[in-house]
1. Would you confirm whether any residue within segment 22-38 is within 14 Å of ligand 2 (Cβ to nearest atom) and either of a type in the set (Asp, Glu) or assigned to a loop (DSSP other than H, G, I, E, B) (or both)?
2. Given the residues Glu28, Glu43, Glu57, Glu77, which is the only one that is surrounded by fewer than 23 Cβ atoms within 10 Å (Cβ to Cβ), over 29 Å from Asn183 (Cβ atoms) and in contact (Cβ under 8 Å) with a residue 60 or more places away in the chain?
3. Please verify whether segment 115-122 includes one or more residues that are of a type in the set (Gly, Ala, Ser) and in contact with a Phe, Trp or Tyr (Cβ under 7 Å, 6 or more places away or on another chain).
4. What are the residues in segment 73-101 that are in contact with a helix residue (DSSP H, G or I) (Cβ under 9 Å, 6 or more places away or on another chain), over 23 Å from Leu167 (Cα atoms) and part of a loop (DSSP other than H, G, I, E, B), if any?
5. Thr113 fails exactly one of the following numbered conditions: (1) part of a loop (DSSP other than H, G, I, E, B); (2) touching a Lys or Arg at 6+ places or on another chain (Cβ under 9 Å); (3) more than 13 Å from ligand 2 (Cβ to nearest atom). What is the number of that condition?
6. Kindly check whether there is at least one residue in segment 180-189 that is more than 25 Å from Thr76 (Cα to Cα) and within 16 Å of ligand 1 (Cβ to nearest atom).
7. With the requirement that a residue be part of a loop (DSSP other than H, G, I, E, B) and under 16 Å from the mean Cα position of the chain (by Cα), what does segment 46-72 give you?
8. I'd like to know if segment 132-151 contains one or more residues that are touching a residue at least 60 places away in the same chain (Cβ under 8 Å), assigned to a helix (DSSP H, G or I), of a type in the set (Gly, Ala, Ser) and within 24 Å of Arg19 (Cβ to Cβ).
Amino acid sequence: MAHLDSYRKYLKEHLSQKRYIHSMNVSESSAELAKRFGGVDVETARFAGLVHDICKEEPQDVQYTLMMSSDLDVCTEERHAFKVWHGIAGAEMLRRDFGVTDLDILHAVRYHTVGRGGMSQLEKIVYLADMISAERSYPDVDVMRRKTKESLTAGMCYALRYSLQKLLHREVPIPHHTLDAYNENIQKLLP
Ligand SMILES: [Fe+2]
Ligand SMILES: [Fe+2]
């Protein structure tokens with residue numbers, strides 16, 4: 001995509017250096033996963049990965065307004081969890097301000113924080129690329145990378161379990177999208 005440079009420029013101006021590097025890495029990881037597993041255009045994956053956190057550093061009120069003005073379905077648990085707003089707000093910003101109309105790209109951005117049942121190949125790729133990007137250093141990241149290389153389903157199961165454990169530990173509500181995603185993926189791994 002020739003216009004990737006203009007998005008890189010926007011991100012450089014609107015994100016911290018740390019998150020800009022993260023965005024570049026998720027872009028690269030998304031392209032790599034698309035090449036490895038197929039089923040999605042590599043350049044589309046590169047783009048969706050690049051812009052997944054486009055709203056992450058917008059002020060809370062800006063994210064809230066964007067989220068609530070979008071046509072996307074937002075559940076109660078998401079409305080109460082600031083950490084996940086940027087996915088929904090980012091999708092709406094891409095649609096409203098950048099003219100992105102590809103629903104698969106918008107959904108990949110919208111669901112990169114919570115997942116959902118029935119995720120597309122692109123949605124899974126961006127979700128996992130976000131977890132395994134080059135600068136990530138959480139304790140389980142090597143296992144996460146290995147599982148993702150094995151299959152997108154194995155990666156999603158591991159990633160969702162990790163996310164659910166974090167939510168349970170923090171004693172906060174769990175969006176039903178995340179439970180749907182977990183149940184769907186874990187059932188695929190059952191004998
Ligand atoms: Fe994010
Ligand atoms: Fe991210």
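1. Among the residues of segment 22-38, at least one is within 14 Å of ligand 2 (Cβ to nearest atom) and either of a type in the set (Asp, Glu) or assigned to a loop (DSSP other than H, G, I, E, B) (or both), which makes the answer yes.
2. One residue alone meets the criteria, Glu28.
3. Yes: segment 115-122 contains one or more residues that are of a type in the set (Gly, Ala, Ser) and in contact with a Phe, Trp or Tyr (Cβ under 7 Å, 6 or more places away or on another chain).
4. Correct list: Val100, Thr101.
5. All conditions are met except number (3).
6. no
7. Across segment 46-72, the qualifying residues are His52, Asp53, Ile54, Cys55, Lys56, Glu57, Leu72.
8. no
We did not get these values from a lab; they are worked out from the coordinates using the rules stated. Remember, predicted model here, so these are calculated numbers, not experimental data. Positions of Cβ are generated from backbone atoms using ideal geometry, with glycine treated the same way; all protein chains shown enter the neighbour counts.
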